[in-house]
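A.B. asks: Would you mind keeping the following structure in view while I ask a few things?
The values are calculated or read from the model by the stated rules, or taken from the named source; none is laboratory data. For clarity, every value in this text was computed on a predicted model and none was experimentally measured. Note that each Cβ is placed from the backbone with ideal geometry, even for glycine, and that neighbours are counted across all protein chains shown. Just the protein is used for accessible areas: all its heavy atoms, side chains included, with ligands, DNA and RNA removed. Shrake-Rupley method; radii C 1.70, N 1.55, O 1.52, S 1.80 Å.
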Amino acid sequence: MAEGERQSPPDSSEDIPPATQNFIIPKKEIHTVPDMGKWKRSQAYADYIGFILTLNEGVKGKKLTFEYKVSEAIEKLVALLNTLDRWIDEIPPVDQPSRFGNKAYRTWYAKLDEEAENLVATVVPTCLAAAVPEVAVYLKESVGNSTRIDYGTGHEAAFAAFLCCLCKIGVLRVDDQIAIVFKVFNRYLEVMRKLQKTYRMEPAGSQGVWGLDDFQFLPFIWGSSQLIDHPFLEPRHFVDEKAVNENHKDYMFLECILFITEMKTGPFAEHSNQLWNISAVPSWSKVNQGLIRMYKAECLEKFPVIQHFKFGSLLPIHPVTSC
């Protein structure tokens, strides 16, 4: 990532006081492939990628076990995710002939659909109550599709958008950056993995062995940033079972690799060819830069992913306004 492409941290104090803002229910705006130009020029795209890159910079060279500030808002978001986790325990998979896509997921999703605004209201202060319906849409979009019972990088992007919106209204602040990734996003990943395993969710739009991963992308970006300038772990080590087992609790990237090896059988080079190729890259900074480029090309610039993205007042479709 070129130095010039780094974005300044999202500083809510520069925005208009949220009380004066007209919040709206986000909706889809990208209906055809030519609409993709609108997305790439939009304020939403600029703010979203800026948010991802700011967090990428914030976690650089830091372990998950690193000491960082945990604000009340972060604690409340973890409690929200703990509630989603508890609901999985309360709604076991049903017996059905089909191995994949357990229909109990629809019951779980219906509960979230019903409770999403109440859950978000526990995180957002009363003075910002008007923002809750807008922000809650991104939470509902972040856990998979209840019709297809699938989950993919578009759902993951909705969770990042949910966190971005919380920054934009000032619930999360600049000094929450590390906790956003290490505490909130990491807990989100744990809940998503449990959902995927429990209800045997299908990967949404998976590219099979040619994709980076069936379900996630962001933890590979932020996880590779964590490993930049590591004294002994190099990209070649993530295909070494011993190195992964010894270090996965400290590094998000290695936690992802561990999950893949638990879920898939056979040689790593066959079931995860893209990752195998990445293990040959000489440095973590090169891996990180390459993954950011790949994320833009394979996720943010792909119509099948972005057609589901929703735009409101916090992540607007209008073109970037120059100051």
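A.B. asks: Which entries in LYS40/LYS249; LYS63/LYS242; LYS140/LYS183 show an alpha-carbon gap greater than 27 Å?
C.D. replies: On the way: LYS40/LYS249 36 Å; LYS63/LYS242 18 Å; LYS140/LYS183 20 Å.
Exceeds cut-off: LYS40/LYS249.
A.B. asks: What percent do you get for the relative contact order of the chain when only Cα pairs under 8 Å and 6+ apart count?
C.D. replies: Details: 450 pairs, mean separation 101.1, N = 323.
RCO, the chain: 31 percent.
A.B. asks: Can you compute the radius of gyration and Dmax for segment 84-136, using only the Cα atoms, both in Å?
C.D. replies: 14.8, 49
A.B. asks: Also, quick follow-up: Express the accessible area of segment 30-302 per residue in Å², computed with a 1.4 Å probe while the remaining protein chains stay in the model. Walk me through the numbers before you get to the answer.
C.D. replies: Values: 11420 Å² over 273 residues.
Roughly 42 Å² per residue, with all protein chains present.
A.B. asks: At a Cα cut-off below 15 Å, give the aspartates and glutamates reachable from LYS286, other chains included and same-chain residues fewer than 8 away excluded.
C.D. replies: GLU3, GLU57, ASP229, GLU234
A.B. asks: Rounded to the nearest percent, how much of the accessible area of the chain (1.4 Å probe, protein heavy atoms only) is carbon and sulfur? Don't skip to the answer; put the middle values down first.
C.D. replies: Working: 7730 of 14730 Å².
Ligands and nucleic acids excluded, carbon and sulfur reach 53 percent.
A.B. asks: To the nearest 20 Debye, how big is the dipole of the chain about its Cα centre, given +1 on the beta carbon of each Lys and Arg and -1 on that of each Asp and Glu?
C.D. replies: Numbers: 35 positive and 41 negative charges, 99 e Å.
Here the size comes out at about 480 debye.
A.B. asks: Another question about this same structure. With point charges of +1 on the Cβ of Lys and Arg and -1 on the Cβ of Asp and Glu, referenced to the Cα centre of the chain, which listed residue (VAL143, SER225, VAL78) lies farthest in the positive direction of the dipole?
C.D. replies: VAL143
A.B. asks: If you average over every viewing direction, what projected area does the convex hull of the Cα atoms of the chain give, in nm²?
C.D. replies: Details: hull surface 66.4 nm².
It is 16.6 nm².
A.B. asks: Counting only protein chains, not ligands or nucleic acids, how are ARG148, ARG293 ordered by accessible area (probe 1.4 Å), most first?
C.D. replies: On the way: ARG148 125, ARG293 150 Å².
Listed by decreasing accessible area, they come as ARG293, ARG148.
A.B. asks: For segment 139-249, state what percent of all Cα-Cα pairs lands in each successive 10 Å bin, counting from 0 Å until the bin that includes the largest distance.
C.D. replies: 12, 38, 35, 15, 1
A.B. asks: Here's something else I'd like to know. Which of the pairs LYS69/LYS197; LYS76/LYS111; LYS69/LYS168; LYS76/LYS194 have their Cα atoms more than 22 Å apart in this structure?
C.D. replies: LYS69/LYS197
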